[in-house]
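Working notes, structure below.
The values are calculated or read from the model by the stated rules, or taken from the named source; none is laboratory data. Because the structure is a prediction, the values reported are computed rather than measured. Cβ coordinates were reconstructed from backbone atoms using ideal geometry, including for glycine residues, and neighbour counts include every protein chain displayed. We work out accessible area using only protein heavy atoms, side chains counted, and drop any ligands, DNA or RNA first. Shrake-Rupley method; radii C 1.70, N 1.55, O 1.52, S 1.80 Å.
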Amino acid sequence: MLHAPIDPVTLAVPFFILAIILEIALARLGWVKTHYEPRDTLTSLAMGLGRGIPGVLLGGMIFAVTVVVYNHRIFTVPFGAVWGWVAIFFLEDLTYYGFHRFSHERRFWWAAHVNHHSSQHYNLSTALRQTWTGGIAGTWCLWLPLAWLGFSPAQIAIQQGISLVYQFWIHTEAVGRMPTWFEAVMNTPSHHRVHHARNPRYLDSNYAGILIIWDKLFGTFQPELDEEPCRYGIVKNLGDFNILRVAFHEWIGMFADISQAKSLREVLGYVIGPPGWSPDGSRDTSASLKARWRALQAPAE
Amino acid sequence: MLLLAAIAAWAHLAKPMPPLDGAEARRRLADEFPGKALDCMWISDDGRGAVARSGGLALILYAVGDGYVARDLPWDQVAASPVQDGCLALKLHDMAAPRAKLAFATWPLN
Ligand SMILES: [Zn+2]
Ligand SMILES: [Zn+2]
């Protein structure tokens, strides 16, 4: 099967809307803690809605490439087989972990992903602040090995949709901690709050999609600590709510840097170095921020 | 989409933004610029921003919506920046936040 018979994300849109209204209503009643800034909310929703435009423009090409790879597959996973769905659940989630980590650690891919982190809020509307430039960034290539293994393009698309829908509900401060067993295995609001935090201690951690086990396995897990509340946003927060700035600021910044580069090494540093890389090290990266934070903690310990 | 944003506006759930006092401005600057010593600091007239001097650097904090944005600039550039219509206008040379306006009727202050 090539074309997915259902799109989990489209099916979930009414749930997204109702859940946002519910979160706002519960916060209004004082039953849960959350904050909404109307311009921030509007920007997040518009980013979610606008995501469809590049999807239409590039979706066909991405689908075509996936079909070509699928036609050269080494196995065939039957669409109706339960074992196939179990296998793709883990393999797609591992792929997502790799994609997400890559998207934070290298500037070219961070330029596409940064907009998801650009809100200083953490509420259900933040989940919809999705990239417009992921297709251009080419990270979709990371899912091609699944087609080569024999998972149909339809099955891959459905599992990607399930992952995206799962990740919606974890964008909330309304849920404190889930039961211990759940926190141990699954990505949760607590784990993902840490991922959206700009506190140096929390930077570049919890890349999980559905399962937090990958972060624990690959050493990027950081639990949320009561003594360190999350401060949301990016290291250098945006100066307004302009949606074009949200979508493109890092791309423009990267190309401006490239235009000033004095050597191929500098070009490569600006493109595939970590976000914040500069030839003289004068700008902050996650690593330098974490190192400074550790140094400041040291005398107290 | 507009309806959801309108509901969010109706609910008045923005973070409280009381005018900055000295302690709060210092706490926020310490979060933004860990380890940087402040030689002196000025809070803007409306309490929605602050400028601090740390050696050759100016540390700038200003409100955007119900959050704060921070940047640093060479002190000399900030000291020489103009006041227009009661606001200190700063060029930040950053696509993510090109300019900042802080309510200072006069600048520089001593
Ligand atoms: Zn991320
Ligand atoms: Zn997120």
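Per-structure values
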read-out	value
Residue under evaluation A:Ile170, criteria (1) over 20 Å from A:Trp31 (Cα atoms); (2) buried (at least 21 other Cβ atoms within 10 Å of the Cβ), criterion not met	(1)
Residue that is away from ligand 1 (no atom under 15 Å from the Cβ), over 24 Å from B:Met1 (Cα atoms), in the same structural domain as A:Leu45 (by TED's automatic domain parsing) and out of contact with any strand residue (DSSP E or B) (no Cβ under 6 Å at 6 or more places or on another chain), where the choices are A:Gly98, A:Gly161, A:Gly138	A:Gly138
Number of the condition not met by A:Ile53 [criteria: (1) more than 24 Å from A:Leu146 (Cα to Cα); (2) within 16 Å of ligand 1 (Cβ to nearest atom); (3) away from chain B (no Cβ under 14 Å)]	(2)
Contacts under 9 angstrom Cβ, first residue in the range B:32-48 being closer than 20 Å to A:Lys236 by Cβ and free of Cβ contacts under 8 Å to residues at least 60 places away in the same chain, partner open to solvent by less than 50 Å² (accessible area, probe 1.4 Å) and of a type in the set (Ser, Thr, Tyr), 6 or more apart	B:Glu32/B:Tyr68; B:Phe33/B:Ser54; B:Lys36/B:Ser54; B:Leu38/B:Ser54; B:Arg48/B:Tyr62; B:Arg48/B:Tyr68
Answer from A:Phe75, A:Phe102 - the residue that is more than 16 Å from ligand 2 (Cβ to nearest atom), open to solvent by 40 Å² or more (accessible area, probe 1.4 Å), within 26 Å of A:Trp214 (Cα to Cα) and among the aromatic types (Phe, Trp, Tyr)	A:Phe75
Failed condition for B:Ala37, given (1) over 16 Å from the mean Cα position of the chain (by Cα); (2) open to solvent by less than 70 Å² (accessible area, probe 1.4 Å); (3) within 30 Å of A:Leu18 (Cβ to Cβ)	(3)
Test result for A:Trp132, at negative phi and within 16 Å of ligand 1 (Cβ to nearest atom)	yes
Residue count, the range B:16-29 (criterion: surrounded by 13 or more Cβ atoms within 10 Å (Cβ to Cβ) and either touching a Cys at 6+ places or on another chain (Cβ under 7 Å) or within 12 Å of another protein chain (Cβ to nearest Cβ) (or both))	2
Residue within the range A:263-284 that is without any contact (Cβ under 8 Å) to a residue 24 or more places away in the chain and closer than 20 Å to B:Arg99 by Cβ present	yes
Residues being open to solvent by 80 Å² or more (accessible area, probe 1.4 Å) and either of a type outside the set (Lys, Arg) or part of a helix (DSSP H, G or I) (or both) - total across the range A:35-67	6
Scope the range A:84-96; condition within 16 Å of ligand 2 (Cβ to nearest atom) and open to solvent by 10 Å² or more (accessible area, probe 1.4 Å); matching residues	A:Tyr96
Some residue of the range A:141-148 being open to solvent by less than 20 Å² (accessible area, probe 1.4 Å), away from ligand 1 (no atom under 13 Å from the Cβ) and either of a type in the set (Phe, Trp, Tyr) or farther than 23 Å from A:Phe89 by Cα (or both)	no
Residues (away from ligand 2 (no atom under 16 Å from the Cβ) and in contact with a Phe, Trp or Tyr (Cβ under 6 Å, 6 or more places away or on another chain)) located in the range A:107-148	A:Ala111, A:Ala137, A:Leu142, A:Ala147
Test: residue in the range B:56-63 that is under 30 Å from A:Lys33 (Cβ atoms), facing chain A (nearest Cβ under 10 Å) and not in a strand (DSSP E or B)	no
Residues of the range B:76-91 that turn out to be open to solvent by 10 Å² or more (accessible area, probe 1.4 Å) and within 12 Å of chain A (Cβ to nearest Cβ), as a count	1
Residue within the range B:64-75 that is within 30 Å of A:Leu124 (Cβ to Cβ), part of a helix (DSSP H, G or I), aromatic (Phe, Trp, Tyr) and facing another protein chain (nearest Cβ under 10 Å) present	no
Residue within the range B:58-72 that is open to solvent by 40 Å² or more (accessible area, probe 1.4 Å) and more than 30 Å from A:Arg129 (Cα to Cα) present	no
Residue tally, condition small (Gly, Ala, Ser) and modelled with pLDDT of 95 or more, over the range B:71-98	2
Hey, B:Met95 within 14 Å of another protein chain (Cβ to nearest Cβ), open to solvent by 50 Å² or more (accessible area, probe 1.4 Å) and in contact with a Gly (Cβ under 6 Å, 6 or more places away or on another chain) or not	yes
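To keep it simple, each residue is scored yes or no on (1) over 17 Å from the mean Cα position of the chain (by Cα); (2) open to solvent by 50 Å² or more (accessible area, probe 1.4 Å); (3) over 20 Å from A:Asn123 (Cβ atoms).
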residue: A:Ile212; (1), (2), (3): no, no, yes
residue: A:Thr220; (1), (2), (3): no, no, yes
residue: A:Glu224; (1), (2), (3): yes, no, no
residue: A:Gly239; (1), (2), (3): yes, no, yes
residue: A:Ile243; (1), (2), (3): yes, no, no
residue: A:Glu250; (1), (2), (3): no, no, yes
residue: A:Phe255; (1), (2), (3): yes, yes, yes
residue: A:Gln260; (1), (2), (3): yes, yes, yes
